[in-house]
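A.B. asks: Right, I'll just put the structure down here and ask away after.
FYI, it's all coordinate maths here, none of it is from the lab. All of these numbers come straight from a predicted model, not from anything done at the bench. So basically every Cβ, Gly included, is an ideal-geometry build from the backbone, and we count neighbours across all protein chains shown.
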Amino acid sequence: MSHGDTSLDSADLSTLTDRQQAWFTTTRGPVSVRRYARYSDFVRAAVRSGNGRDRAALLTFHPGGYPLAPAWLAAVAEAAPATADHHSPSASMVSVRLLARMTPDHRNGIPRQSDGSVGWSIPGASARVWPDGRIMLRGSTGTEFAGRLEGAQWDHWKVAAVADAGLRLLCAPEARHLTSTGQPSGWYRPSDRGQIGEGRERKGGQVYDGTTTARCSCGWNVTVPSQLGAREAAKRHRQEATGGAPA
Ligand SMILES: [Zn+2]
């Protein structure tokens, strides 16, 4: 076993021999990887929490996933909580789905299975997360990222970040720009905002504020004065980002 200083970014998991364990550094805690190649070929990777001591995730990869695994493991390490106990995550799976950026909109609600898991799919990839910390991300070419996030310190935001990072690697190119348009700010009383004066539309002394934010799974976002404007901006962003093909 070597406590190497190799950065995970440049790791090639296929060069490990049977039962060889390697340690990699990330911007956060270290990640240890062990390959089993004798009977069937797979890699087990343990991601440490921010303090470098507790195990925050145990993940499994098969050969098809070796090229993309280092990038995802680095993202898991980045999102990992500072400490990790052996309990299930505190994250609500519905909230994970609501926070995930690599997801279509939630117009049809968020169906939960009887085991409490929540799943969704985007072009080229799908995700499922379970309350006990299990996570499964699948690319349509057969690549799988699977394993378990460990510790109650995994909250909705952290689990969503892990799912997003994996789906971003596995998805089809057109899914890298999934836009959503939020709700307008809505009716408010000018006095609540310390304003005096005229509003364009009045309803019982209230003024309408159409300010709406549009977001994209790539991180782009814009806030404009109307929901219609936000929808237009999202459409334009999608067209520009995907090379001009109208949606
Ligand atoms: Zn985008």
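A.B. asks: Where in the chain lies the longest segment free of GluC sites (Glu not before Pro) that are both loop residues by DSSP (not H, G, I, E, B) and have at most 13 other Cβ atoms within 10 Å?
C.D. replies: Values: sites that count: Glu198, Glu201.
Longest stretch, sites excluded: 1-197.
A.B. asks: Going from the alpha-carbon gyration tensor of the range 179-241, what semi-axes, largest first and in whole Å, does one get by taking the root of 5 times each eigenvalue?
C.D. replies: Details: eigenvalues 169, 20, 13 Å².
Ellipsoid semi-axes (Å, largest first): 29, 10, 8.
A.B. asks: Something else about it: So, in nm, how far is label Arg231 from label His87 when the simple model puts each one 7 Å beyond its Cα toward the Cβ?
C.D. replies: Each label point is offset 7 Å from its Cα along the Cβ direction, giving 4.4 nm.
A.B. asks: With angles folded into 0 to 90 degrees, how steeply does helix 156-170 sit against the dominant principal axis of the chain? Use alpha carbons for both and round to 10.
C.D. replies: 70
A.B. asks: For the chain, set up a GNM with springs between Cα atoms under 10 Å and report which of Asp105, Asp18, Asp115 has the largest fluctuation.
C.D. replies: Asp115
A.B. asks: Here's another thing I want to ask about it. I'd like the antiparallel share, as a percent to the nearest 5, of DSSP beta bridges with both residues in the chain. Present the calculation step by step, with values, prior to reporting the outcome.
C.D. replies: Numbers: 48 of 50 bridges.
The antiparallel proportion sits near 95 percent.
A.B. asks: Using a Gaussian network for the chain with springs between C-alpha atoms less than 10 Å apart, which of these wobbles most: Gln195, Gln21, Gln113?
C.D. replies: Most flexible of the set in this elastic network: Gln195.
A.B. asks: Trypsin sites (Lys or Arg not before Pro) within the range 138-237: which are DSSP loop residues with at most 16 other Cβ atoms inside 10 Å?
C.D. replies: Working: sites: Arg138, Arg148, Lys158, Arg168, Arg176, Arg193, Arg200, Arg202, Lys203, Arg215, Arg231, Lys235, Arg236; in loops: Arg200.
The qualifying sites are Arg200.
A.B. asks: Note the full-extension length gain between Asp105 and Thr17 as 0.36 nm times their separation in residues minus their Cα-Cα distance, in nm to one decimal.
C.D. replies: Numbers: separation 88, 0.36 × 88 = 31.68 nm, distance 4.35 nm.
Separation in residues times 0.36 nm, less the Cα-Cα distance, equals 27.3 nm.
A.B. asks: At most 10 other Cβ atoms within 10 Å and a DSSP loop assignment: could you name the chymotrypsin sites (Phe, Trp or Tyr not before Pro) in the range 1-93 that fit?
C.D. replies: Numbers: sites: Trp23, Phe24, Tyr36, Tyr39, Phe42, Phe61, Trp72; in loops: Tyr39.
Of the chymotrypsin sites (Phe, Trp or Tyr not before Pro), the ones in loops of the range 1-93 whose Cβ has at most 10 other Cβ atoms within 10 Å are Tyr39.
A.B. asks: Given the convex hull over the Cα atoms of the chain, what projected area results after averaging over all orientations, in nm²?
C.D. replies: Details: hull surface 69.8 nm².
Projected over every direction and averaged, the Cα hull of the chain covers 17.5 nm².
A.B. asks: First select every other residue whose beta carbon is under 12 angstrom from the beta carbon of Val129; then total the charges, Lys and Arg +1, Asp and Glu -1.
C.D. replies: Values: positive: Arg97, Arg112, Arg128, Arg134, Arg148, Lys158; negative: Asp115, Asp132, Asp164.
Taking every other residue near Val129 into account, the sum is +3.
A.B. asks: With θ set to phi - 60°, apply the Karplus curve 6.51 cos²θ - 1.76 cosθ + 1.60 along the range 97-105 and write out the HN-Hα couplings as whole Hz, x wherever there is a Gly or Pro.
C.D. replies: With the stated coefficients, the range 97-105 comes to 5, 5, 7, 4, 8, 7, 7, x, 5 Hz.
A.B. asks: Could I ask something else about it? Calculate for the chain the 222 nm mean residue ellipticity that helices alone would give, adding -39,500 (n - 2.57) per DSSP H run of length 4 or more and normalising by residue count, nearest 500 deg cm²/dmol. Please list the in-between numbers first.
C.D. replies: Values: 4 runs with 48 residues, N = 247.
Dividing the helical sum by the residues of the chain leaves -6000 deg cm²/dmol.
A.B. asks: Net charge within 9 Å of Cys218 by Cβ-Cβ distance, Lys/Arg positive one each and Asp/Glu negative one each, not counting Cys218 itself? Mind dumping the intermediate values first?
C.D. replies: Working: positive: Arg101, Arg168, Arg176; negative: none.
Spelling it out: positives minus negatives among the neighbours equals +3.
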